[in-house]
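Trainee: Here it is, the structure in full.
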Amino acid sequence: MAPLEPHEKVFVDTEFLEIDPHGKIACERCHGGNPKGADRQQAHRGVIRDPSFPDPSKSCGECHVAEGKGHPEITKKYGTGLHITLAPFKNKIYRRANPDPAVRAKIDSAMGTHCMTCHSSCGQCHVSRPNSVGGGLTEGHLFKKTPPVKTNCTSCHGSRVGQEFHGENEGVPGDVHHTAHRMACAACHTGDEMHGSGAAKAPFDRYEVTNRARCQDCHAMPGSSAPRKDKQGKTLEHPSHAIHQDKVTCQVCHAVQYKNCYSCHVGKDKSGMPYFETAPSRMDFKIGLNTRKSEERPEQYATVRHVPVSPGLFDFYIKDALTGVAKAPTWTFATPHNIQRKTPQNETCLSCHGNNKLFLTSKDAEGWEVEANRDVFVPLKPAPPIRHSWLAQPERHLQKVDCLTCHNPALPSPLKDCLRCHGNNTILTATAAGKPDYSLTNWTFTNRELIDKGLYVVGSNRIPALDLLGISLILFTFVLFGLHGALRFIRKRRR
Amino acid sequence: MAKLYLHTLPERIWHGTHAVLVLLLILSGIQIHWPDHFALFGSFSSAIAWHNALGLLLVADFLFWLAYTLISKRIIHYRFRKGEIHPGMALQARYYLYDIFVHKPHPYAPTEDNKFNPLQKAAYILKMFVWMPLLLASGLIYLFPSFFAPLVSLIGGLKVVATVHYIMAILFTSMYIGHIYLATTGHTVLAEFKTVVSGYREEDPEGAENA
């Protein structure tokens, strides 16, 4: 996002005075100052740049609090909004922080300089750009009911979510909600969510916000009777949804590669300007175990994103600040915003099942991170051919049989009864599907008859050489004992 | 003529049942394997049904034999006595390969507490304690593959199970033929057959017999 010129930041459009109801309110009512001041300096004494931060009750709240007028619920919930509390920053740092009070004080000070400046407010969404990205009025002080995406939402949430959503990562398509349906952030993340949940206990982070956006708000799962926001939307009929529901998050199948950030160090330069440094980010796609399981998020697997934390994050201010880095994962539950209908992992079942490189393991973590991510690492399972080795010809079954034939979502467990396909009056007994390879095709006295006739015996050995050996052994037995008996007979006659 | 009581009633009932079951299993197995050439049990699927049912009976038959042999302590007949392995097995082999033709006496005539000769013991131990469990276990796994899915997976798939079952079937067929032939080597061709029916064995008046 290009920075604004200084005059653009403060330019108040006359339209604001003419058409915006807020333009009818005197400037000093919200911004303070002294309109009777004799000069500019006197007039601007006590002017508040953002009247809505930190406490909007004396500005926005003056009107938006009364019952039946404006949006009284907003100011009631305001204090619980994560844009205001920045609770996730604190919570996640504190989980890793050294418990020593003196160290905590230094951490708080450093966070105040760095992390906690990334807040927003009523004004920094609806009137101006957020201060953390330089501020500046977005449209000449006109109040925007829905904040503009580029100047507000992704000006802060740009490096990861914004770039993913708009397809700005090289070679990675944008989110289908944006590219195909031109949906903006507010289509899912409603004002209700943005203004806070109003819960008595502040949520730990955005995934605990009770009125947050959910895919299921619009996309109904099979059998769901929950009301949906998109009345024209279709129920997700593909059987894969029924199979994977409550097992994997939507993003596991429908997100593509996303940005992962590594390391972070904060400090101040020689002039005292705060700065932060991160290691180069990497595009990757990783499925980990869901460490945020709850009743409404029961999935076992979720996409996980690497967060830019490092043991030396606050070294500039105090050493050993994060002595508990192992207490919180660095690969965290994530909802990448580059949703696609078709992705590499939902191309076929085997694109995911058995594709171990998609799953997070200890190989994806640096030494100090291994303990922190132990609960996120996925214990790898044997490859599908090995897991299906109880079948007569696992490779052939995996090649020829649609996975859903056996892993039928309508059944409580995968079908393992061979005779459902290979029994009497089933299709395979009549059509000899999947003719086997013969190791020695010129020997005809073997199970080949079964196959040629369309008869199938589950697991029949189909080893012609074994027939030859077996018949030879039996013939040899006959001949041996026949000769023995004949010799006995002859000897007895001569006796 | 002196008589020895060699086979108890349960043994004789088991032996007869076992012989019939194995024979029918061999025949139904042949039809399943070469359905174009044999139709003794009707259709292909009928042969499979017979084979499955007879196989389950053979499992019960084996368990009965095992329980009876252990509980009655008649397993003692399968124990090698001193000198029976060496030189006993060589002597018994020599008897079958040469002595029997020159009417020499049997090196290990049966007694009421040691009715099998060394080669019989070796063959029966191999058959009843190795081959038969393998045959029955592979048959059961083959019959209930989904129930034994983890085991099937462990041993390399149903094809391995099928192959083991087939090899065991071949060996049993071969042994069945040999067993019937060797039963004719008593002091008369039918003497051993009578023994296994009545339980009593008539001793060879000339002392050159076999079991």
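Please treat every number below as a calculation from the coordinates, not as lab data. As the structure is a computational prediction, the values presented were derived from the model and not from experiment. Here Cβ is always computed from backbone atoms with ideal geometry, including for glycine, and neighbour counts include all displayed protein chains.
Trainee: Among B:K127, B:K73, A:K381, rank each residue by its count of other Cβ atoms within 10 Å, from fewest to most, as a rough exposure measure.
Mentor: B:K73, A:K381, B:K127
Trainee: Can you list the HN-Hα couplings for the range A:472-481, worked out from phi with the Karplus curve (6.51, -1.76, 1.60; θ = phi - 60°), rounded to whole Hz and with x for Gly and Pro?
Mentor: 4, 5, 5, 4, 4, 4, 4, 5, 4, 6
Trainee: What residue among A:L475, A:P88, A:I318 has its Cα farthest toward the positive end of the dipole of chain A, where the charges are +1 on Lys, Arg and -1 on Asp, Glu, each on the Cβ?
Mentor: After comparing all options, I get A:L475.
Trainee: Using only the Cα atoms of the range A:23-124, what are the Rg and Dmax in Å?
Mentor: Looking at the range A:23-124, its Cα Rg and Dmax stand at 18.0, 54 Å.
Trainee: Can you put B:L25, A:L380 in order, fewest other beta carbons within 10 Å first?
Mentor: The most exposed by this proxy come first: A:L380, B:L25.
Trainee: Ok, one more. For the range A:42-186, divide the Cα radius of gyration by the Kirkwood radius and give the resulting Rg/Rh value with two decimals.
Mentor: A ratio of 1.03.
Trainee: Rounded to two decimals, what is the ratio between the C-alpha radius of gyration of the protein assembly as shown and 2.2 N^0.38 Å?
Mentor: 1.58
Trainee: Averaging over all projection directions, find the projected area of the Cα convex hull of chain B and quote it in nm² with one decimal place.
Mentor: With the hull built on Cα positions only, its mean projection is 13.7 nm².
Trainee: Please arrange A:R182, A:R396 by counting, for each residue, the other beta carbons lying within 10 Å of its beta carbon, fewest first.
Mentor: Going from sparsest to densest Cβ surroundings: A:R182, A:R396.
Trainee: Over the alpha-carbon set of the range B:60-133, work out the extent along each principal axis and list the three values in angstrom, largest first.
Mentor: The Cα atoms of the range B:60-133 stretch 43, 24, 20 Å along the principal axes, largest first.
Trainee: Calculate for chain A the 222 nm mean residue ellipticity that helices alone would give, adding -39,500 (n - 2.57) per DSSP H run of length 4 or more and normalising by residue count, nearest 500 deg cm²/dmol.
Mentor: My calculation for chain A gives -7500 deg cm²/dmol from helical runs alone.
Trainee: Please work out the FRET efficiency for the pair B:L4 and A:R420, using the Cβ-Cβ distance as r and a Förster radius of 45 Å; give the result to the nearest 0.05.
Mentor: 0.20
Trainee: Taking the Cα atoms of the range B:1-101 alone, what are Rg (to one decimal) and Dmax (as a whole number) in Å?
Mentor: Reported Rg and Dmax, both Å: 19.2, 53.
Trainee: With N residues in the range B:100-156, what two-decimal value do you get for its Cα radius of gyration over 2.2 N^0.38 Å?
Mentor: 1.87
Trainee: Using only Cα atoms, what Kirkwood radius does the range A:130-245 have, in angstroms?
Mentor: Averaging 1/r across every pair of different Cα atoms and inverting gives 16.7 Å.
Trainee: Want the number for A:K36 to A:D108: 0.36 nm per residue separation, take away the alpha-carbon distance, what's left?
Mentor: Result: 21.8 nm gained on full extension.
Trainee: Placing +1 at every Lys and Arg Cβ and -1 at every Asp and Glu Cβ, with all other atoms neutral, what dipole size does chain A have around its Cα centre, in debye to the nearest 20?
Mentor: 2680
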